[in-house]
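Take a look at the structure set out below.
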Amino acid sequence: MTYLYAGLGLAMLTAIMAMFEMASGLTNQQMMTSPADDGYSLSVWKNDDQRFLKLLDSADATWGSGSPLCAKILDQIKPGQPYGDLSGYMPGQTGDSAHPSLAGACVFQKNEHRIVINRSDSVSSASTGSTLYRFYACNPQPQFGVVCSFELRRS
């Protein structure tokens, strides 16, 4: 009988130690894993996107939509202007999308980064009287040419 109790005690001790090892292993594994690098979070494009968003935040209703909006943005990103660090962006080729969110949008391109901006006529902030804008950015893939995949006409 003594051997039976000794065997059961040893089995319980082994099971407890195995559970402790598994829990410890899971805890250490979670602390060591890190999210995959998406290539965007540390890129210069992220900073440029944030600067464009600040530029749009400072815009007012006189900027209009379509060409006046594009001209105002181009004036703001000229060297010597408040957003002169974005002066490398030039007007880009518009996509062939018929989607209302992209119709008449301003397109700016610098190297492999593309920004599409359009005034949101359906939405505005009543409390501040400010105009809201739609902002899209991408790095065009070679199979789509110089436009973003969301700008392509879908049939």
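The values are calculated or read from the model by the stated rules, or taken from the named source; none is laboratory data. Quantities reported herein were computed from a predicted structural model and do not represent experimental measurements. We place every Cβ from the backbone using ideal geometry, glycine too, and count neighbours over all the protein chains shown.
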Exercise. What residue, among those in region 112-128 that are at pLDDT below 80 and assigned to a loop (DSSP other than H, G, I, E, B), is surrounded by the most Cβ atoms within 10 Å (Cβ to Cβ)?
Worked result: SER125
Seminar exercise, completed: Over region 51-100, the set of residues hydrophobic (A, V, I, L, M, F, W, C) and assigned to a helix (DSSP H, G or I) is PHE52, LEU53, LEU55, LEU56, ALA61, TRP63, LEU69, CYS70, ALA71, ILE73, LEU74, LEU86
For this session: Considering (1) in a loop (DSSP other than H, G, I, E, B); (2) over 21 Å from LEU132 (Cα atoms), say which one GLN109 fails and leave the rest.
Result: (1)
For this session: Would you confirm whether any residue within region 133-146 is outside any loop (DSSP other than H, G, I, E, B), modelled with pLDDT of 80 or more, surrounded by 15 or more Cβ atoms within 10 Å (Cβ to Cβ) and aliphatic (A, V, I, L, M)?
Result: yes
